[in-house]
1. How many residues does the range 108-140 contain that are on the phi > 0 side of the Ramachandran plot and at pLDDT below 95?
2. Pull up the range 68-86, narrow it to residues that are among the polar types (S, T, N, Q) and outside any helix (DSSP H, G or I), then point me to the one that is surrounded by the fewest Cβ atoms within 10 Å (Cβ to Cβ).
3. Could you check T284 against (1) within 23 Å of Q362 (Cβ to Cβ); (2) surrounded by 24 or more Cβ atoms within 10 Å (Cβ to Cβ) and say which number it fails?
4. Which residue pairs have Cβ atoms under 9 Å apart, sit 6 or more places apart or on different chains, and have a first residue in the range 36-63 that is outside the structural domain of T23 (by TED's automatic domain parsing) and within 28 Å of Q220 (Cα to Cα) and a second that is assigned to a loop (DSSP other than H, G, I, E, B) and of a type outside the set (A, V, I, L, M, F, W, C)?
5. Within the range 133-147, can you find the residues that are farther than 17 Å from V78 by Cβ and of a type in the set (V, I, T)?
6. In the range 168-192, which residues are in contact (Cβ under 8 Å) with a residue 24 or more places away in the chain and small (G, A, S)?
7. Of everything in the range 230-254 that's farther than 24 Å from A56 by Cα and of a type in the set (S, T, N, Q), which residue is surrounded by the fewest Cβ atoms within 10 Å (Cβ to Cβ)?
8. Go through the range 92-108 residue by residue and tally those that are crowded, with 24+ Cβ neighbours inside 10 Å and in a loop (DSSP other than H, G, I, E, B).
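The values are calculated or read from the model by the stated rules, or taken from the named source; none is laboratory data. Everything quoted here is computed from the prediction, not taken from an experiment. Here the Cβ positions follow ideal geometry from the backbone for every residue, glycine too, while neighbour counts run over all protein chains shown.
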Amino acid sequence: MALIKSISGIRGTIGGQLGEALTPLDTVKFAGAYSTWIKKRNKTCERPKIVVGRDARLSGDMVNRLISGTLIASGVDVIDLGLATTPTVEMAVTGLQANGGIILTASHNPKQWNALKLLNEQGEFLSDVDGKALLAIAEKLEFDFVEVDNLGQITYNDTYTGEHIKAVLSLPLVDIDAIYRANFKVVVDAVNSVGGIAIPRLLASLGVHVVELNCTPDGQFPHNPEPLPENLTEIAKAVPVNNADLGIVVDPDVDRLALVCEDGSFFGEEYTLVAIADYVLGKTVGNTVSNLSSSRALKDITEKHGGQYFSSAVGEVNVVAEMKRVNAVIGGEGNGGVIYPELHYGRDALVGVALFLSHLAQKRIKCSELRAQYPDYFVSKNKITLTPDTDIDRILQNIKDKYSSYRISDIDGVRVDFDSEKKWVHLRKSNTEPIIRIYAEASSEKEASELAKQIILAVKYT
């Protein structure tokens, strides 16, 4: 059992001991702390409003009841969106002029996990400073509940998925006419979560013929929900069998987008952002941002279009902060997370789908041919499970010492760049799981794998 508190929210497994999992009491504690933080932030507001939405995982309804009950007991009004994607909730916060939002989703984690993703009044994740302030409130139990006449109220709003889709379709770079003319046929794997509602609806609005695969939002994940090639064998077969133009895969809360080419090959989650950035930068020259664990292919594409590339620490809030600092026109993370500020500052698979299809439709080529136009880098993604006695600081310092002759960044774990050979490695403690992530990239799969093995051995013998 696990309970993780980070900039990505409060995430844990369902069932277990208090303080060691996302138990009902822990859920109430953090919801109470959040409502207190919101009220302190909005002292002139008589009754703050909080938007709540959830993915379709099995524990969602139970956690939602706990959260909503705690919020109204704190004197906060709740706008319940029901089943809604993470980016839909983010957009609803500003669209409904709420004071914050809570998304109940453990994103790519398996079914035993759930989480509270916490948003500020801009519909964005809490900063490190705000997150620490909230955790301090939770640990000290510095909150109380209102008397009966001051209880908050719950209202239900199931319209915001439609509002989200309308906003995507209204973007100037979404070429609806070109997509209609392309007459695409697409297989969608939504891992039986909220993507099964939102993605087919978006595609229907674009005139795309949809073959649904795992699109029943009942929380029964048919495979590991992280959209990685090893988990996507079913759709890799379904795309060529159905003579489809491509496959679209999203994670349970629809902030990550992976693509499958018409021949069943994988476009590569790292290249989702690369391809969409290529399209956006071809229309709007500007800067880009991705995190330290993302492919250098985005840097290549950005410089090709005359822009400047910047990197940030891992975590959506860090990417967004850097995007705002450098006025980036597109950014995101190499896990298939696309952030397009013209819509909102959040990873959003819906806008990713619309922009990618616009790009493919205008190019008038096959998905595999589009992928072949981008530089080939290979990322080896590995993880090591942490134990209670793991000394992470010592591990990271050892890597820094061992590779001190190379360019090193330590703003988030340790990243070592071997510039002359176009390869790098990044080690960091995960924000969402009790693991160390070790990513290595090189110009060939063999080089990336060998570099990763080299680093893993160095870690194990630290």
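1. Looking only at that region, the number is 0.
2. S74
3. The single condition T284 does not satisfy is (2).
4. none
5. The answer is I137, and nothing else.
6. A178, A182, A190
7. That would be N243.
8. Qualifying residue count, the range 92-108: 3.
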